[in-house]
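First the structure, in the form of structure tokens, and then the observations on it.
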Amino acid sequence: MAYKCDKCGKNFKTEKEAEAHEKKCNVVLTKPHYQKDWLVVLLLCIFLGVLGVHRFYVGKIGTGILYFFTFGFFGIGVLIDFITILTNSFTNKRGDFIIRD
Ligand SMILES: [Zn+2]
């Protein structure tokens, strides 16, 4: 998980470093992506999605609890999440996309 500069390919761990570098390369660095979590989130969604476990995992506790008591929002929520994860559009609580490597 790091900010990456598309221009020079450098990685930055903190938001501060990223901001300082934006001026240097004259680019806007994208939000951090959590590539290594993608498969974990996908598997949690498939096997434990009706209990909202994949949502707990990414920090979305509120909807996780909702899923837990409604069997994945009556299965519809889990199905939508499954598609969202597959298309690299699923986000964690901070809004960072969880994308495939
Ligand atoms: Zn750069």
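Nothing in this text is a laboratory measurement; each read-out follows from the coordinates by a stated rule. Quick caveat: nothing in here was measured; it's all calculated off a predicted structure. We place every Cβ from the backbone using ideal geometry, glycine too, and count neighbours over all the protein chains shown.
Helix-only mean residue ellipticity at 222 nm, the chain, DSSP H runs n ≥ 4 weighted -39,500 (n - 2.57), per residue, nearest 500. What is it?
Value at 222 nm, helices only: -15500 deg cm²/dmol.
Quick one: how many lysine pairs in the chain have C-alpha atoms under 17 angstrom apart, if they're 8 or more apart or on different chains?
Going through the chain pair by pair, I get 22.
Take the alpha carbon atoms of the range 36-86, find their radius of gyration, then divide it by 2.2 N^0.38 Å using N residues; give the quotient.
Taking N as the residue count of the range 36-86, the ratio is 0.96.
I'd like the orientation of helix 76-86 relative to the chain: the angle between its Cα long axis and the longest Cα principal axis, in ° from 0 to 90, rounded to 10.
Result, in degrees: 30.
What translational diffusion coefficient, in µm²/s and rounded to a whole number, does the Stokes-Einstein relation yield for the chain at 4 °C and a viscosity of 1.567 mPa s, taking the hydrodynamic radius as the Kirkwood radius over Cα pairs?
So the translational diffusion coefficient is about 89 µm²/s.
Arrange the peptides 61-72, 13-24, 44-55 so that the one whose residues have, on average, the most other Cβ atoms within 10 Å appears first.
Order by mean packing, descending: 44-55, 61-72, 13-24.
Quote the relative contact order of the chain in percent (integer), defining contacts as alpha-carbon pairs under 8 Å separated by 6+ residues.
Here the relative contact order equals 25 percent.
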